Structure formats: structure tokens, C-alpha cells
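Below is one structure, written out as C-alpha cells; the observations come after it.
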């Protein structure tokens, strides 16, 4: 397992189409920096891309078979220059350790969740309290945030995740089984749970 070289990505605001796509993908706030940084951590199941702004981590993406530059061109930027902020290098190392089986806690990682709703942020914050190697159901998570009848809304908020692992959405399961994992896929969710010693 290794960490690929990180780059600094500057978004091209020259076209209305590109700007709209970026806001849709990231919920971008025009007040935040237009400079993004990325690193790719290799993992046998799927390479993992970290994308950060000056404010904090913005996306964690399981690339599967997609090349990182291809994903970035489609979702984030049209130009890139080499650069590596220390905080992203440190996070990449911690993520690499986690994927090797180390018990890592990412609650201290600065996040850039511009565009997220207050309800989503409330659910995601509660998710960060779910310990390594344990799981919670959507209904239990709804109880934890004081919304016992909002399991479906909680599921939607969990499914809108942007920084999996850092916010451990893989630890939320259905009452009768593993549950879904959005576009990432259940296979990766199972792999993460297995990594933490969870059997479902």
C-alpha cells in the first residue's frame, strides 16, 4: 500500500457549465477558496482519493477502476499543479494505517462541508461518535439525534456522505442486514466492516 503524490487543483471558473457542475458535486460555497488539494491512498479493494480545500477535507472517494485524474477532471477541476499541504500528507498517512488495520480515530480532521444541510451535519456529527468496530442501525441513529421517527431521513443523510471513513457511515447498517452504501457499493462497506472486525 502506498500514497500517491498529491496535487493542488485549481478549479476553472471560466465556463458556466463547469461552475455549475462543481457546485452540484461539492455544494461549493463561492466564499471558499478555489484551490483544492488531493492525494490517493492505495488499497487493494480500491484506491482512495482525498480531496481538500484550504478549509478542510471535502471529499473521500473510492475510485475503484477509475484513474484519479479522470475523476478530478469530471468532478473538480481542469488544471492542476504539484503541491502538498502538510495536513493532507498527515491524513493520508493515517488513512493508510487505518486501511492496514490500525485503530484510527479521525474525529479531529478539519472538514469542509459547505452546502450540507443542518440536519445532515447533525447526523454526520453523531456518526463520528460510533466507535471503531461497532455498528448502529438507522433507527438507533435517529434515536441518538432525538428524532426517533426519522429513520428514513437519517438514512438519506447518511447516504449523502462526502467523507466516508472520516465520518464512518459504513458503521450504519439496516436492522436486518448490512444495508446500502450509496454509489460506493456494499462490497466496500463489507470490506471496511471486516477490517474493523465486524461480522454481519
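The values are calculated or read from the model by the stated rules, or taken from the named source; none is laboratory data. It should be emphasised that the depicted structure is a prediction, and the values quoted were computed from it without experimental measurement. Because the Cβ atoms are built from the backbone with ideal geometry, glycine has one as well, and the counts that use them run over all protein chains shown.
The single condition among (1) in a loop (DSSP other than H, G, I, E, B); (2) more than 20 Å from residue 50 (Cα to Cα) that residue 141 does not satisfy is (1). In summary, residue 148 fulfils each of the numbered conditions (1) surrounded by 16 or more Cβ atoms within 10 Å (Cβ to Cβ); (2) in a loop (DSSP other than H, G, I, E, B); (3) at pLDDT 90 or above with the single exception of condition (1).
Restricting attention to segment 110-138, the residues that are outside the structural domain of residue 156 (by TED's automatic domain parsing), in a loop (DSSP other than H, G, I, E, B) and in contact with a strand residue (DSSP E or B) (Cβ under 6 Å, 6 or more places away or on another chain) add up to 1.
Once segment 178-193 is narrowed to residues that are over 14 Å from the mean Cα position of the chain (by Cα) and surrounded by fewer than 15 Cβ atoms within 10 Å (Cβ to Cβ), the residue that is modelled with the highest pLDDT is 187. For the residues 141, 127, the requirement of being touching a residue at least 40 places away in the same chain (Cβ under 8 Å) and touching a helix residue (DSSP H, G or I) at 6+ places or on another chain (Cβ under 9 Å) singles out 127.
If only residues of segment 154-177 that are crowded, with 16+ Cβ neighbours inside 10 Å and over 14 Å from the mean Cα position of the chain (by Cα) are counted, the one that is nearest to residue 50 (Cα to Cα) is 172.
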